[in-house]
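Q: Structure in structure tokens, see below.
Every number in this text was worked out from the coordinates using simple rules, so none of it is lab data. Keep in mind that what you see is a predicted model, and the values were worked out from it rather than measured. Note that each Cβ is placed from the backbone with ideal geometry, even for glycine, and that neighbours are counted across all protein chains shown.
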Amino acid sequence: MTPPPAARAARRRWRHSLRLRLVTVFLLLALAMAAVFMGGMQRIFSTGWRDAARPLVADYMDRLVLEIGTPPDVTRAQALAERLPIAIRIEGPQVNWQSHPDRPEHRERAGFGGRAGDWLSRNTADGHRVSFGLGTVPWQRGPHSPVGWITLALLLALIAAAYGYVRRLLRPLDDIGAGAERFGHGDFDTPIPLRRRDELGDLAQRINTMAQDIKGMLDAKRGLLLALSHELRSPLTRARLNVELLPTSADGSGAGEPERAALLRDLNEMRDLISDLLESERLASPHATLQREPVDLAALVREVVADMPDAAAVTLDLAADLPALALDRTRMRLLLRNLLDNALRYSAEAGQPPRITLTRQDGGVLLAVRDFGPGVNAEQLARLTEPFYRTDSARQRATGGVGLGMYLCQLVAQAHGSRLQVDNAAPGLRVQLLLKE
């Protein structure tokens, strides 16, 4: 039989929670210890103390039978049953009487037969048999005592206290988990709080030290990349200028022009790569600032499309009366150019040009760029915004690019408080981001 979903969820939560498992172990250990202790004590009392108490009880039974008399006096027996917590049963030729006739189960449970019946019964000289058992104990005569409920409440309070202590004991694990998540997202400014000076506190301190070391290495890598990019710009600019100033052939035949154009194209690609690297490092820095200003996004889309010669056939579906958004115009232009460039690149053999859509949604503007090309595999969607990642179909010279375009778009979207959403549109690829007012 399959357990219900609630039971499966509770089981998964119990397996995942270290606190609940520790409290369960403590509770089971306490119950096991109590059971072992009570079983051992019961064994001790049932063996050693029974043999020691048997002659005393036998002598007491003889005195009770003498007090009842021969033949048995029911009045005396009734007085004894009311005065003492015992039950009396008389069987014989003249008297057949029982002090607790409304409790027939008392015979088997309190001594009227069974193994104890042979020494809790006496035969009188006139042929009667007087048997004794446990009657109404004193706490059963009055109102019910709240001892049981108090005991249960104390046990529950102890369990709650144990859970609270375990929760407090393992609280640094929550801090370590939250800190690890922050460090994984690149936020190294908020260290893990050190609440105690135990092993968990030492672990938190070591993770903080590791995070600072990682931050130092990342800062050093970023500084080195920025320095190299800056240093490469100057000689690259000089090389491009020298190529443009190269003289043409003397006969005016244009010999060498293809080689010159190819060299200029390579130099332009290197320039764009360096620019993208610099911009990606600026945006990835936690101190990156945006030059926000009111931007008409529809007008900006038209400007970008007009500036790109290959984008004349792009379909524009721009809603009217869109609000002006506080955006960084330069970064948004970069995002639009990269998205549109990707869409054009992979729509070269498609039967329909790319489409740019602007619509109002959730108090903001939803920007969507879609192409009608082959799309990508489902397992590659999540990696399209990684730096230097290219799909297998993009590793050709004709497609160009080094895998920084979508990464830059993701950084621009994150800097504006949004995030790229990439999915297959069947056919083609659709990239969306929601820009809030």
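Q: Where does each of Thr24, Thr357, Thr75 land when they are ranked from fewest to most other beta-carbon atoms within 10 angstrom?
A: Fewest-to-most Cβ neighbours within 10 Å comes out as Thr75, Thr24, Thr357.
Q: Note down the nm distance, to one decimal, between modelled labels 7 Å out along Cα→Cβ at Ala32 and at Ala425.
A: Here the answer is 6.3 nm between the modelled labels.
Q: Right, another one. Could you work out how much longer the chain between Ala153 and Arg12 gets when fully extended? Use 0.36 nm per residue separation minus the Cα distance between them, nm to one decimal.
A: 47.9 nm
Q: Can you pull the Kirkwood radius for segment 292-436, inverse mean 1/r over Cα pairs, to one decimal in Å?
A: Hydrodynamic radius (Kirkwood, Cα only) of segment 292-436 equals 15.4 Å.
Q: Here's a follow-up. Rule-of-thumb check for segment 9-102: C-alpha Rg over 2.2 N^0.38 Å?
A: Cα-based Rg divided by the globular estimate yields 2.04.
Q: Where does each of Met308, Met217 land when they are ranked from fewest to most other beta-carbon atoms within 10 angstrom?
A: Going from sparsest to densest Cβ surroundings: Met217, Met308.
Q: Count charges around Thr357 for me, please; just the other residues with Cβ under 10 Å from its Cβ, Lys/Arg as +1, Asp/Glu as -1.
A: Summing Lys and Arg as +1 and Asp and Glu as -1 gives +2.
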